[in-house]
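Step one of this worksheet: look at the structure below.
The values are calculated or read from the model by the stated rules, or taken from the named source; none is laboratory data. These numbers come from a predicted model, not from an experiment. All Cβ positions, even for glycine, are placed from backbone atoms using ideal geometry, and neighbour counts span all protein chains on display. Protein only, heavy atoms only, side chains kept; ligands, DNA and RNA dropped before computing areas. Shrake-Rupley method; radii C 1.70, N 1.55, O 1.52, S 1.80 Å.
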Amino acid sequence: MGVSEMQRTLAAHLASQSNLEVVSFQHFDCLLFERGETWKMFLPRSKRLLGGTTQERLVIGDLLAIFEKDLQRLRPPSTRFKFVDFATSIPIANFPSITASSVIIEGVVDPDFFRKIRFLLNGLPDGISEWTATFGEDFLTRSPIDRCVDTVKYLRSQR
């Protein structure tokens, strides 16, 4: 099983556990937490626990916010999307409190993990005007790294 296939399998498994919709992109799948002017998603991956067996894994990944206007469907019959830009992409490793609930135990992730992801995504602005009001008029022209740093600082201040 390739990396992309493993990622899609993980996303589907987490979606069924959390009753979330899966959004498929060209190279990965995301769990959709909110659909609106800004789509708020979680791009899950997993990694082996240090010193653990291949079955002992953590869910890692990125919070992903994409403006609906930047989403494009791939040509039919594909149901997948591509995007030309994104508002922000934030590794959840920036929020260590999530790690304890991200362990996959007997194929199941603690429901608290999804609650914590939802809390972070809910803290992000909903519309483009809210993004620029919160982070400045030049936010969307900043580098992806700078946007990530700014949103991490913002989310940490919301706690």
Exercise. Show the residues, 5+ positions off or on another chain, whose built amide H is closer than 5 Å to the amide H of GLU37.
Key: none
Quiz item: How much net charge surrounds ASP126 when only the other residues with a Cβ under 9 Å from the Cβ of ASP126 are counted, with Lys and Arg +1 and Asp and Glu -1?
Solution: -2
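What does the charge count near ARG48 come to, summing +1 for each Lys or Arg and -1 for each Asp or Glu among other residues with Cβ under 9 Å from its Cβ?
Values: positive: LYS47, ARG57; negative: GLU56.
Local net charge: +1.
Full-extension gain between SER129 and LEU50, please, as 0.36 nm times their residue separation minus the C-alpha to C-alpha distance.
Values: separation 79, 0.36 × 79 = 28.44 nm, distance 4.25 nm.
Contour length minus Cα-Cα distance gives 24.2 nm.
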Self-check item: Choice from VAL103, VAL59, VAL149 showing the highest fluctuation, given a GNM over the chain with Cα pairs closer than 10 Å
Solution: VAL149
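For the stretch 1-82, what does the relative contact order come out to in percent, with C-alpha contacts under 8 Å and a separation of six or more? Please report the intermediate quantities before stating the final value.
On the way: 133 pairs, mean separation 19.5, N = 82.
It comes to 24 percent, rounded to a whole number.
Just the ratio, please: alpha-carbon radius of gyration of the stretch 63-107 over 2.2 N^0.38 Å, N its number of residues. Show your work: numbers first, answer last.
On the way: Rg = 15.5 Å, N = 45, 2.2 N^0.38 = 9.3 Å.
Against the empirical 2.2 N^0.38 Å value, I get 1.66 for the stretch 63-107.
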Quiz item: Do any GluC sites (Glu not before Pro) in the stretch 88-159 lie in a loop, going by DSSP, with at most 10 other beta-carbon atoms within 10 Å of their beta carbon, and if so which?
Solution: GLU106, GLU137
Quiz prompt | Apportionment of accessible area to carbon and sulfur, the stretch 12-109, percent (1.4 Å) | solution = 54 percent
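Please compute the Kirkwood hydrodynamic radius of the stretch 84-148 from all pairs of different C-alpha atoms, in Å with one decimal.
Working: mean 1/r = 0.0732 Å⁻¹.
Kirkwood radius, the stretch 84-148: 13.7 Å.
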Quiz prompt | From phi via Karplus (6.51, -1.76, 1.60), per-residue ³J(HN,Hα) for the stretch 93-100 in Hz, x at Gly/Pro | solution = 4, 6, 10, x, 5, 6, 4, 4
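Net charge near ALA11: determine it from the other residues with C-beta under 10 Å of the C-beta of ALA11, scoring Lys and Arg +1 and Asp and Glu -1. Let's see the in-between values first.
Details: positive: ARG8, ARG45; negative: ASP29.
The answer is +1.
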Self-check item: Table column - 3J(HN,Hα) (Hz), the stretch 67-75, Karplus curve with 6.51, -1.76, 1.60, x for Gly and Pro
Solution: 6, 3, 5, 8, 8, 9, 6, 6, 4
Exercise. Kindly report the accessible area of the stretch 50-159 per residue (heavy atoms of protein chains, probe 1.4 Å, no ligands, DNA or RNA), in Å².
Key: 57 Å²
Exercise. Scan around LEU74 for amide H atoms under 5 Å from its own, H built in the peptide plane at 1.01 Å from N, and keep only partners 5 or more places away or cross-chain.
Key: ARG80, PHE81, LYS82
Self-check item: For the stretch 55-123, with +1 on Lys and Arg beta carbons and -1 on Asp and Glu, the positive-most of GLN55, ASN94, PRO77 along the dipole
Solution: PRO77
Self-check item: Gaussian network model of the chain, Cα within-10 Å springs - most flexible of ASN122, ASN19, ASN94
Solution: ASN19
Self-check item: Listed candidates (i) 27; (ii) 21; (iii) 31 - label of the one calculated as percent of Cα pairs over 26 Å apart
Solution: (i)
Quiz item: Among ARG118, ARG147, ARG80, which one moves the most in a GNM of the chain with springs linking Cα atoms closer than 10 Å?
Solution: ARG80
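List the relative contact order of the stretch 32-159 as a percent without decimals, with contacts defined as Cα pairs under 8 Å and 6+ residues apart. Before the final figure, lay out each step's value.
Numbers: 183 pairs, mean separation 27.7, N = 128.
Worked out over the stretch 32-159, it gives 22 percent.
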Quiz item: If you take the beta carbon distance between ASP110 and SER4 as r and set R0 to 22 Å, what does 1/(1 + (r/R0)^6) give as a FRET efficiency, to the nearest 0.05?
Solution: 0.25
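Fully extended, how many nm does the chain gain between ALA93 and SER78 (0.36 nm per residue separation, minus their Cα-Cα distance)? Before the final figure, lay out each step's value.
Details: separation 15, 0.36 × 15 = 5.40 nm, distance 3.22 nm.
Extra length from ALA93 to SER78 when fully extended: 2.2 nm.
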Quiz item: By Kyte-Doolittle mean hydropathy of at least -1.0 and Cα axial length of at least 18 Å, which whole DSSP H helices of the chain are selected?
Solution: 3-18, 144-157
